[in-house]
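**Q** This is the structure I have questions about; it appears just below.
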Amino acid sequence: MVEGRYLEALQERGVRTTPQRALIWRVLAESGDHFTAQRVWETIKDRLPGIELSTVYRTLEVLQEAGLVADSRLPEGPRVFEARPKMHPHLVCEVCGGISHPEPEAGRRLFETLGAGSGGFEIRELHVVAKGVCAGCAEEAGG
Ligand SMILES: [Zn+2]
Ligand SMILES: [Zn+2]
């Protein structure tokens, strides 16, 4: 069963395992993409007949508390969930709406710089969003 290693990851974090927790974690981890709760629900509803959107929300909260999933609120966009640690910057394309990430090293340096300059303030949560035009859209527009 493919869900096996996802169940293990949950157990390692002390999360009580259920089929929907393992499946939702797997969907996020395998795609590496940003999902709204609605999109998670649409992706799994055929495999877990009868599952409700509210259950998906609750499951995402549990995965978040376990540190497996991060949520981000993007400006003018929905709340999105992804299988990544908290606190990474987002690049949002104003043309296609695509969400991407800068290189992890660039994100790390950004947070380090801010942490060093915050006068002892302990940053626990930070949402950084850069808006602009992605490379693909810039190319399509003729550079
Ligand atoms: Zn992200
Ligand atoms: Zn774009």
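**Q** Cβ contacts < 6 Å: first residue more than 19 Å from G107 (Cα to Cα), restricted to region 130-142; second residue outside any loop (DSSP other than H, G, I, E, B) and open to solvent by less than 90 Å² (accessible area, probe 1.4 Å), any location; separation 6+ or different chain. Result?
**A** These pairs meet every condition: C137/C93.
**Q** Another question, if that's okay. Working only within region 67-103, note down all residues that are under 14 Å from E125 (Cα atoms), within 14 Å of ligand 1 (Cβ to nearest atom) and exposed (fewer than 13 other Cβ atoms within 10 Å of the Cβ).
**A** Scanning region 67-103 gives R73, P85.
**Q** How many residues are aromatic (F, W, Y), open to solvent by less than 20 Å² (accessible area, probe 1.4 Å) and in contact (Cβ under 8 Å) with a residue 24 or more places away in the chain when one looks only at region 1-51?
**A** Residues flagged as aromatic (F, W, Y), open to solvent by less than 20 Å² (accessible area, probe 1.4 Å) and in contact (Cβ under 8 Å) with a residue 24 or more places away in the chain within region 1-51 amount to 1.
**Q** Kindly indicate whether any position in region 55-66 is within 12 Å of ligand 1 (Cβ to nearest atom) and out of contact with any Lys or Arg (no Cβ under 7 Å at 6 or more places or on another chain).
**A** No, that holds for no residue.
**Q** Here's a follow-up. Determine which single condition G77 fails, assuming it passes every other condition in (1) in the same structural domain as I24 (by TED's automatic domain parsing); (2) touching a residue at least 40 places away in the same chain (Cβ under 8 Å).
**A** (2)
**Q** Here is a follow-up. Please list, ordered by first then second residue, the pairs with beta carbon atoms under 7 Å, 6 or more apart or interchain, first in region 101-124 and within 21 Å of A135 (Cα to Cα), second among the hydrophobic types (A, V, I, L, M, F, W, C) and open to solvent by less than 100 Å² (accessible area, probe 1.4 Å).
**A** Final answer for the pair search is H101/L91; P102/L91.
**Q** In the list V95, V133, V128, V80, which residue meets the criterion of being closer than 26 Å to V15 by Cβ and not hydroxyl-bearing (S, T, Y)?
**A** Residue meeting the stated conditions: V80.
**Q** Could you list, in sequence order, the residues of region 124-134 that are surrounded by 10 or more Cβ atoms within 10 Å (Cβ to Cβ) and farther than 13 Å from H88 by Cβ?
**A** Selection gives K131, G132, V133, C134.
The values are calculated or read from the model by the stated rules, or taken from the named source; none is laboratory data. Quantities reported herein were computed from a predicted structural model and do not represent experimental measurements. So basically every Cβ, Gly included, is an ideal-geometry build from the backbone, and we count neighbours across all protein chains shown. Note: accessible area is taken over every heavy atom of the protein model, side chains too, but ligands, DNA and RNA are not part of it. Shrake-Rupley method; radii C 1.70, N 1.55, O 1.52, S 1.80 Å.
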